[in-house]
1. In a GNM of the chain with a 10 Å cut-off on Cα contacts, which of Gly272, Gly221, Gly39 has the highest mean-square fluctuation?
2. Peptides 292-302, 244-254, 278-288: what's the order by average Cβ count within 10 Å, highest mean first?
3. If one computes the Cα centroid of segment 99-126 and of segment 46-62, what distance in Å separates the two points?
4. Given Cα positions, please report Rg to Rh for segment 249-318, the hydrodynamic radius being the Kirkwood one.
5. If you take the charge dipole of the chain about its Cα centre, with +1 on Lys and Arg Cβ and -1 on Asp and Glu Cβ, which of Gly164, Gln222, Ala193 is farthest toward its positive end?
6. Could you derive backbone 3J(HN,Hα) for segment 285-291 from the dihedral phi with the Karplus parameters 6.51, -1.76 and 1.60 (θ = phi - 60°), listing whole Hz in sequence and x where the residue is Gly or Pro?
7. Want the number for Gln58 to Thr261: 0.36 nm per residue separation, take away the alpha-carbon distance, what's left?
8. Averaging sequence separations of C-alpha pairs under 8 Å and six or more residues apart, then dividing by the length of the chain, give the relative contact order as a whole percent.
Amino acid sequence: MVCQLLEMNPKIITDGYTALRERAAWLDLSGRAKIRVTGEDRARLLHAMTSNQVETLQPGEGCYAFFLSAQGRILADVNVLCFEDSFLLDTEPETRTKVYEHLDRYIIVDDVTLEDETDRVATISIEGPKAAAALAALGLPEPAGWATLAGDRIVAKLDTTGRGGFFLMIPIEEKEAVTAQLIAAGFPQATAADARTVRIECGRPRYGEEITERYLVQETGQLQAVHFSKGCYLGQEIVERVRSRAQIHRVLRKLEIDTETPPAAGTRLKSGDAEAAEIASAAFSPASGKTVALAYVRTPFSEPGTSLTLEGVSARVV
């Protein structure tokens, strides 16, 4: 009945939405791909295949990176976690097969082995400003760096909404017991819709929705995924050419739109008579009482505070 009410009225404020913003809630992200990379050449291969600095990572460290095509298009994004004898790649469910096959294609004489652990490792994400308290309720330590091992569990300082938090990667058979502990400690489960709304409010893009093969690295604004002095990697020539010439015509920005009805992806906004932006995602924000969106905005109109219009409705870049 509650689900039916939410479908009829998406403006109902759920406990999961409130908890993500004010306390902490958990998400079942077990569909996220987990690919283990082992072998003597693992660091060299990943360094040559991703946009960030991998070769110098030490156990417990990590980075966010892109896999690019030779044309500089974004094939996938990935969290790279470094452990004593392996790397663990965390990526979106939609890019599980793509990442595995992309890497496997380039293993020729390298001492590298790939193992897809997705189906036997659950990912529970604990997100929100009080996520550390939820972690403590499970008796688990906060990682000093990107990730730490706690027995057969991995605790990683990762989140999907922009509110901060942790990924807990555990044997699949432990998932039910761990989520029951979180509920008993007063931390509710947030839905995918709750998380999507909060991440758009926070301006956090997701691969597969706002970031796709259509876009170049600099257009996404996610430059934390790139190390500009690491040397050669697949797609590096295009990234460097765009950087040196400062040639981007659009950039991902957060918008506020004065309507309660989120526009569909692909909807265009104007500045006067000029085409100014294209919506990538949008959601009604209960916190602000209006729509928030992530959109690719033409660079002349991308400064914060710039006013736009959507079929007569006011919008602004924030």
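Every number here is computed from the coordinates shown, using simple stated rules; none is lab data. This structure is a prediction, so every number in the text was calculated from the model and none was measured. Cβ sites come from the backbone with ideal geometry, for glycine too, and all protein chains shown count toward neighbours.
1. Gly272
2. In descending order of packing, they fall as 292-302, 278-288, 244-254.
3. Using only Cα atoms to place each centre, the spacing works out to 15 Å.
4. On the way: Rg = 10.6 Å, Rh = 11.5 Å.
When Rh is taken as the Kirkwood radius, the ratio is 0.92.
5. Of Gly164, Gln222, Ala193, it is Gln222.
6. Result, rounded to whole Hz: 9, x, 5, 9, x, 9, 8.
7. Working it through step by step, the gained length comes to 68.4 nm.
8. On the way: 699 pairs, mean separation 60.6, N = 318.
RCO, the chain: 19 percent.
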